[in-house]
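Below is one structure, written out as structure tokens, with a few remarks after it.
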Amino acid sequence: MTPPATRPAPPAAVLEGIAGYVPACAVPNSALPSAWGVDDAWVHRRTGIRERRRAAPGVSTGELALEAGRRALAVAGGAPVDTVLVATSTPDRPMPAMAPQLATRLGLGGAAAWDVSAACSGFLYGLATAAGALLSGCADRVLLVAADVYSTLLDPADRSAGIVFGDGAGAVVLRRGSLGEPGSVLAFDLGSDGSGDELIEVRGGGARERSAPEAYGPADRHFRMRGHEVFQHAVTRMTQSSQTVLKHAGWSPEDVDRFCAHQANARIVSAVAERVPVPGPRRVTNIDRVGNTGAASIPIALADAASRGELHAGERVLLTTFGAGLTWGSAALLWPRLDRAVPGIDPAP
């Protein structure tokens, strides 16, 4: 009797390279402006942050993205990439998009290239975009870079944002593969609520200001956030999204080996993890050393953990995020089997 033919596994986007990069300049809590009236204990208690990294004067988002992209391509083995995506809220210029120039600087000229704008949710929105390009046949291999230099948006007098945000970039390489193999992305959940667009914003600098400049002032070029309201929305949305994507993936919370949330604030990360729930030892976090790096926070945290050997092939990984827009999202994936070591996130010595 002839055995029934085995059906091939469905296609999937598969992670095959990851890296992160943060500037060398560390700003510890003790070095924050004295006018803010804060000390190390106060900042750490409220945010979980001991220090944040800041780009040097003249260093733009593109420079950080370039280094993270180079590192991720090296980890992936240098296979041809035909699509480049950049997720950022701090582009070097309003136009053109950053991705085409990044592709050229990486020796990938001719690749399809475009930017993704979803604030701190940018990496997961970009990951879903990359997966869609791969599964539709529009791409064979994608480089996704998430990078932000929030220090360029901060008001020097605003301690609420100043104590939290850092600069950095993270990148991943994805290829078309099979569902269930190490590295495969299994499920997504994305959402938005534009009625909350004023909770996190940079009011000026866009077409609205250019069309009515008299209605804006210099302070409108700075980042603003209504922290208490954002905290509540972030915890609710990330918890709901995490639980939804677990259902899509067919996992229970107990199945999750590693949980990595957007590194917005240690209290937010803990609140979401407790509600999903995911035990403390399974949480991936490095906000204490780098601060909130915007869209880059999830890939930076994952790359940091991978460089220390804390992630293993086949582990079930849950990602979740929240950002301006309001936007949020989650993803479930299996950690890849990487043939090359992931470098540390710090600059090379």
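When Val317 is tested against (1) in contact with a strand residue (DSSP E or B) (Cβ under 7 Å, 6 or more places away or on another chain); (2) closer than 29 Å to Asn29 by Cα, just one condition goes unmet, and that condition is (2). For the stretch 145-167, the criterion of being in contact with a strand residue (DSSP E or B) (Cβ under 6 Å, 6 or more places away or on another chain) and over 26 Å from Arg53 (Cβ atoms) is satisfied by no residue at all.
Among the residues making up the stretch 274-304, a single one is surrounded by fewer than 22 Cβ atoms within 10 Å (Cβ to Cβ) and among the small types (Gly, Ala, Ser): Gly280.
Considering Thr285, Thr236, the condition of being free of Cβ contacts under 8 Å to residues at least 12 places away in the same chain and among the hydroxyl-bearing types (Ser, Thr, Tyr) is satisfied by Thr236 alone. Remark: pairs (first residue in the stretch 7-32, modelled with pLDDT under 95; second residue open to solvent by 10 Å² or more (accessible area, probe 1.4 Å) and not in a loop (DSSP other than H, G, I, E, B); Cβ separation under 8 Å; 6+ apart in sequence or on different chains) = Pro8/Ser178; Ala9/Ser178; Pro10/Ser178; Pro11/Leu135; Pro11/Arg176; Pro11/Gly177; Pro11/Ser178.
In the stretch 109-121, of all residues being surrounded by fewer than 21 Cβ atoms within 10 Å (Cβ to Cβ) and farther than 25 Å from Ser297 by Cα, the one that is modelled with the highest pLDDT corresponds to Gly110.
Please go through the stretch 202-244 and give me each residue that is part of a loop (DSSP other than H, G, I, E, B) and open to solvent by less than 40 Å² (accessible area, probe 1.4 Å), ordered by number. Correct list: Gly204, Gly205, Gly206, Ala212, Gly217. For the residues Glu201, Glu209, Glu229, Glu181, the requirement of being more than 22 Å from Asn286 (Cβ to Cβ) and free of Cβ contacts under 8 Å to residues at least 12 places away in the same chain singles out Glu209. Output the qualifying pairs, or none if there are none: Cβ atoms under 6 angstrom, residues six or more apart or on different chains, first residue in the stretch 86-97 and on the phi > 0 side of the Ramachandran plot, second residue in a loop (DSSP other than H, G, I, E, B). Listed by first residue and then by second, the contacts come to nothing, as the list is empty. Out of everything in the stretch 335-349 that is among the charged types (D, E, K, R) and at pLDDT 95 or above, what residue ends up being least open to solvent (accessible area, probe 1.4 Å)? Across the stretch 335-349, the extreme among qualifying residues is Asp346.
The values are calculated or read from the model by the stated rules, or taken from the named source; none is laboratory data. Predicted model, so just to flag it, every value in this text is computed and none were measured. Positions of Cβ are generated from backbone atoms using ideal geometry, with glycine treated the same way; all protein chains shown enter the neighbour counts. In case anyone asks, the SASA skips ligands and DNA or RNA and just uses the protein heavy atoms, side chains included. Shrake-Rupley method; radii C 1.70, N 1.55, O 1.52, S 1.80 Å.
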